[in-house]
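> Supplied in C-alpha cells, the structure appears directly below.
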Amino acid sequence: MSYFVAVAVLCMGFGVWSAYGELSLEPVLTDLDTPWDVAFGDEWMYVTTRPGILYGVHEGEVTPLLHMRVSGGEGGMLGVATHEGMIYVYYTDINNGNRVSRYTHTEDGLKHDIDIIQDIPSAAIHNGGRIRFGPDAMLYVTTGDAGNPNHSQDVNSLAGKILRLNPDGIIPADNPVPGSPVYAYGLRNPQGITWDTNNTMYVTDHGPSGLFENAHDEINQIIPYGNYGWPDSVGDRVTSGTIAPLIHSGAVTWAPSGLEFINGSGILEWEGMLLYGALRGAHLGTVNIDGSGHATYLDGEIGRIRAPIQHPNGTVYVITSNTDGRGLPYEGHDMLLRVTFDMSIPDKYEYLADILWNMYRDGHLTVQQLHVALGYVSSLS
C-alpha cells in the first residue's frame, strides 16, 4: 500500500443519489491489498489486510503495525476488534489453523499479549473471521465450517459457530453450555455480526451458491445455542429443531460479509436498519430488523464490498474487496471509504414530508429515522 496523508485524497469522491438525498463516498485509504476489517481505538484506526499486514491510521498518517505469516485462500489476517485499549486479531496461522490473539499497542507497533482461542479449524475456504465485542462486553467470534459441513452440527467442533468468550479468553460461566465457547451453531461461513439497540444479535451467513438451485445467503437473528441448520436447512427449507433465517437471498447471490446495525449515522434511510456488504452481489444492502424492506445501493459501482463499519461517532465506512482474486480491481483499489449524506436540495420541507410519508406507507419508517428527520428539520429553522 502506498502511504499518504489520508485527507489528501478526499477530492477523489464518488456521489450516488439515494431515494432521499445524496450519498457520497470519500476515499480515506487507497491501494490496499485485500482489506478485511476495521476497528477504532481512542486515537487510532486499525485496518487488517488478508495477506497479513495490519495498518494503523493516526492523524492522517498510515503505519504498518503488525506483519504476520498467514495462510492463503480465504484465510489470512481477517477480523479486528478493540477493547479497553487492547487490539484483538483473528487470523489463519501458517501452521496451526484459525485463532484469535490479543495485542498491546506500543511505540514499536503491536506486541503479542496472549492467545484468546486457538485451533479453530481452517481451510482454503469458509474461515469465518469477524470478531466483535457485544453489549455485554464479551468477545464474539464467527467461524466457518472450513469446507466440511459436518463441522457445523458438531457442537464439539469450533467450526461453523458463533463463539463467546471473556476478553481474556476464559469461557464465560453463563455460556449456554458450561465449559463450551459455543454460543450458536449450524452456520456455514458467517462473516458479519452486529447488535441492535435492544441488544439482539444478527449474523450474516454465506449460502451454498450453486447448490439446491438457489444461493440462499442469509441474515439470521441469533438466540443462545440456536441451531441455524447448515447443512440440513437452507433458506425456507427448515428442518425440525433449526431456526429459519430472518431473510435469505433465494435465487440471487449476495455473498454477504460485514454487517452493521446503523444508529446515529445521520443517513436517514439507513437509521435503524441492518446494513451489509455484498461481495459477489457488489452492493450495500439494507433490511429492517424484522426482515422486511430489503433495498440495495451502489449496485456494481465500486465492485465487491467486504464490509460496512460504523465508527462510535456515527460515521459509516466501507471496505472494497476487488483485489481478493475474485474481483476486477479498479484504479486505486482496494479502498477504505467514508460515507457522507447530503439533503441539500430545493424545497427541503416538502421533500422531507414526502419521503417520510413514502417510508411510512411502505413500512420502512423506523423510530431512529424519525429522530434523524426531526433533527434535520430543527437544523433548518
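Okay, residues lined up against (1) in contact with a strand residue (DSSP E or B) (Cβ under 7 Å, 6 or more places away or on another chain); (2) of a type in the set (D, E, K, R); (3) farther than 21 Å from P245 by Cα:
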residue: E271; (1), (2), (3): no, yes, yes
residue: Y276; (1), (2), (3): yes, no, no
residue: G285; (1), (2), (3): yes, no, no
residue: N288; (1), (2), (3): no, no, no
residue: L298; (1), (2), (3): yes, no, yes
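> Output the residue which, of all residues in the stretch 183-212 that are outside any strand (DSSP E or B) and touching a residue at least 60 places away in the same chain (Cβ under 8 Å), is surrounded by the fewest Cβ atoms within 10 Å (Cβ to Cβ).
Selected residue: N199.
> Evaluate the stretch 140-156: report whether one residue or more is charged (D, E, K, R), assigned to a strand (DSSP E or B), crowded, with 24+ Cβ neighbours inside 10 Å and modelled with pLDDT of 95 or more. Let's see the steps before the verdict.
First pass over the stretch 140-156, keeping only residues charged (D, E, K, R): 145, 154.
Then drop every residue that is not assigned to a strand (DSSP E or B), which leaves none.
Within the stretch 140-156, not a single residue is charged (D, E, K, R), assigned to a strand (DSSP E or B), crowded, with 24+ Cβ neighbours inside 10 Å and modelled with pLDDT of 95 or more.
> Right, here's the next one. How many residues does the stretch 213-234 hold that are in a loop (DSSP other than H, G, I, E, B) and more than 21 Å from the chain's Cα centre (by Cα)?
7
> Across the stretch 313-341, which residue is modelled with the highest pLDDT among those that are farther than 19 Å from A278 by Cβ and loosely packed, with under 13 Cβ neighbours inside 10 Å?
My answer is N313.
> Then there's this: Out of all the residues in the stretch 76-127, which are closer than 21 Å to D42 by Cβ and not in a strand (DSSP E or B)?
E84, G85, E107, D108 - these are the residues of the stretch 76-127 that are closer than 21 Å to D42 by Cβ and not in a strand (DSSP E or B).
> Condition first: over 18 Å from H105 (Cβ atoms), of a type in the set (D, E, K, R) and out of contact with any strand residue (DSSP E or B) (no Cβ under 9 Å at 6 or more places or on another chain). Can you find one or more residues in the stretch 37-60 that meet it?
No, the stretch 37-60 contains no residue that is over 18 Å from H105 (Cβ atoms), of a type in the set (D, E, K, R) and out of contact with any strand residue (DSSP E or B) (no Cβ under 9 Å at 6 or more places or on another chain).
> Another question, if that's okay. Quick check on my filter: what residues within the stretch 137-168 are among the acidic types (D, E) and touching a Lys or Arg at 6+ places or on another chain (Cβ under 9 Å)? Spell out the reasoning first.
Applying the first criterion (among the acidic types (D, E)) to the stretch 137-168 yields 145, 154, 168.
Once the filter is applied, which keeps residues that are among the acidic types (D, E) and touching a Lys or Arg at 6+ places or on another chain (Cβ under 9 Å), the stretch 137-168 yields D145, D168.
> When you look at V47, is it farther than 22 Å from G303 by Cβ, part of a strand (DSSP E or B) and in contact with an Asp or Glu (Cβ under 8 Å, 6 or more places away or on another chain), yes or no?
For V47, the condition - farther than 22 Å from G303 by Cβ, part of a strand (DSSP E or B) and in contact with an Asp or Glu (Cβ under 8 Å, 6 or more places away or on another chain) - is not met.
> Does S101 satisfy being closer than 27 Å to G134 by Cα, over 19 Å from the mean Cα position of the chain (by Cα) and either among the hydroxyl-bearing types (S, T, Y) or buried (at least 23 other Cβ atoms within 10 Å of the Cβ) (or both)?
Against the criterion (closer than 27 Å to G134 by Cα, over 19 Å from the mean Cα position of the chain (by Cα) and either among the hydroxyl-bearing types (S, T, Y) or buried (at least 23 other Cβ atoms within 10 Å of the Cβ) (or both)), S101 qualifies.
The values are calculated or read from the model by the stated rules, or taken from the named source; none is laboratory data. Only a predicted model underlies this, so the values are computations on that prediction, with no experimental measurement involved. Reconstructed Cβ throughout: ideal geometry from the backbone, glycine too, with neighbour counts over all protein chains shown.
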